Structures are given as structure tokens and as C-alpha cells.
Amino acid sequence: MERDLELWKQKLTQTFAYFIDFCERHQLRYYCCAGTALGAVRHQGFIPWDDDIDVDMPRPDYDRLVELQGEFAKDGYELSLPTVENDYPLSYAKLSDTHTTLLERPDLRYITGAFIDIFPLDGCNDDAEIAKKEYEQCWEWRQRLQLTVQTFSLKEIALKALRGHPVSAAKAFLYGKCFPRWHRRRLLNRLKRQDGKYDFDQSEFVVCNHGYRGIARERIPRQWIGKGAVGSFEGMKVVLFEDYEAWLTHFFGDYMQLPPESERTTHHWVSYINMEKRETLAEVLEKVGRRNG
């Protein structure tokens, strides 16, 4: 099923509007990040070729959001989070519309809908080298968490072993496939201990240990966040870091310069999508199998 990008953006905007209203009602802090922050400043909305919405939440607010997740169902939304029992492969949350269906990748078998990514921001060590080691450790745990639910062919398993350390690759695969629940509990406990190691509001530097851009970009002075600044996104008032210019320069460089046309592409996987109703994983996999068969 092909995705209508403009309709998809409408669904995302609706989900974002709901999230913003929820945060305002419960006095939760959030900040646009990644391409969403860039879009708010440079385009006052989506980057024309972008297809997602990303926000950061300070750890205390993120944890409170998780506590309040029971409120989402009555409004037609859900919060996806990793647990020992489920097969959600990511270490951070997605808020999605339960009237839509999305399977991002066939090898990661979990269903969401039109979603926004919600990344926790944690305090971190003042020493950049220690912060780097801790970020890299979280990265490894996150990759192993994904491995507990990811489907592989024998060829792919062999290639993964060859690219890395064969013993480590074999051990990670063994734990992930033979003892998935035990291994997920172990990994989630390790991530939780790291997440709570430094107090966000007392730290000079903060970090998104669950991001994808590396410690050099994900670690910033907390003073850049400040009390936040107001931006515009698709006609909505949104919250940016107070010193968003410093952050955008740190994250993107010359952020007002458009990239070459060859790089103006969407970046999310879309294996299956239904923007009219929520389907089960079994229903989706059957349709994807027939389509690919």
C-alpha cells in the first residue's frame, strides 16, 4: 500500500497537536528536536521531504508521561514502550494514532500508527570521555535489545558475525534468540540504571542516550535548553530549546543552507501502511507476505 505523504503529514500533525495539548494540560516539558526543530525554524513546519516528528523530554517529564499513558487509549492514541513481555525493539517511546497502522520494517515485527518519536533527555557526566563511554554502552545495549526481536536469515547472521567480533556476535544472538525474555529484562534494567544515574535538573550537560547521531551531537549544555522558546510548526505553537540557534548549529552546522537535491529524501522505512484503521500484526504480515510472494 503506497503512502500519500501529504495525508501522512496531516495524521502526524494531528498526533503532534494531541501530544502538545496533553503536555500543556499536565505541565510536561518537551522540546522539538532533530528535523522537527530545523523544520520549525527554517520552514515553520515540516521540512518538505521529511516524514516524521521528533521531540525530546527531560527525564522527569518523560517518566511522568509514561505514568500517564493510561489516559491515551480513550482518546485514540497509545504509547509504545519496550517491556520484558512485548516485542517492541526500540529503547524510547512512540506516541501513535490507534486508527492507523504502520509496519516500518518486516524484520522488526511491531505495529504502530502515525507516530511521533519521544526521546528522553538525561543528565550526564561533566567529563566528556566518561559521557562518551556511557553513551556507547547504551548504544550496545540498544542494539542487543533490537536483536531479541529481529528476524534474520542464516546468511544475515553470518554477515553480522563477520562484521564484528564473532564471539560477541554469537553470544548476543544466543541470548537474544534462546533466552529473549531473560535477556530483555537484563538489557532494560541496565538501560534504566544508566538513565537514572545523573539528575537532569542538576547536571551541567545533558544527553540523549537513546538518539542516533552520536555523543558529539547528542550531548549539549543544559543552559541551551533554558526555559524554552516558542516556534511555529504547521500553524501550531511549539517549544524549542531557548538557545535553538546554538543547538541547530551544533547539530546541523549551517542549518539555513538547504542540502543538495540528491539528499532531499525521506528516511523512514515503510513496509506497510493503512491510514484508515488499525490492523493486527498477523493481518499485516499476511498481506505483506502475499504482496512479496
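The values are calculated or read from the model by the stated rules, or taken from the named source; none is laboratory data. Everything numeric here is computed off the predicted structure, so don't read it as measured data. Every residue, glycine among them, receives a Cβ derived from its backbone with ideal geometry; neighbour counts consider all protein chains shown.
A few points about this structure:
- Phe179 vs. criteria at pLDDT below 95 and either in contact with a Leu (Cβ under 9 Å, 6 or more places away or on another chain) or surrounded by fewer than 12 Cβ atoms within 10 Å (Cβ to Cβ) (or both): no
- Per-region count, segment 31-59, residues in contact with a Gly (Cβ under 9 Å, 6 or more places away or on another chain) and among the hydroxyl-bearing types (Ser, Thr, Tyr): 1
- Residue within segment 81-93 that is surrounded by fewer than 20 Cβ atoms within 10 Å (Cβ to Cβ) and not in a loop (DSSP other than H, G, I, E, B) present: no
- Residue in segment 235-243 that is within 30 Å of Arg109 (Cβ to Cβ) and in contact with a Ser or Thr (Cβ under 9 Å, 6 or more places away or on another chain) present: no
- Residue in segment 150-169 that is crowded, with 19+ Cβ neighbours inside 10 Å, modelled with pLDDT under 95 and of a type in the set (A, V, I, L, M) present: no
- Residue list for segment 202-241, filter: more than 25 Å from Gln143 (Cβ to Cβ) and touching a helix residue (DSSP H, G or I) at 6+ places or on another chain (Cβ under 7 Å): Ser203, Glu204, Trp224, Ala229, Gly231, Ser232, Phe233, Glu234, Met236, Val238, Leu240, Phe241
- Qualifying residue in segment 248-259 (condition: closer than 23 Å to Gln10 by Cα, under 23 Å from the mean Cα position of the chain (by Cα) and either part of a loop (DSSP other than H, G, I, E, B) or aliphatic (A, V, I, L, M) (or both)): no
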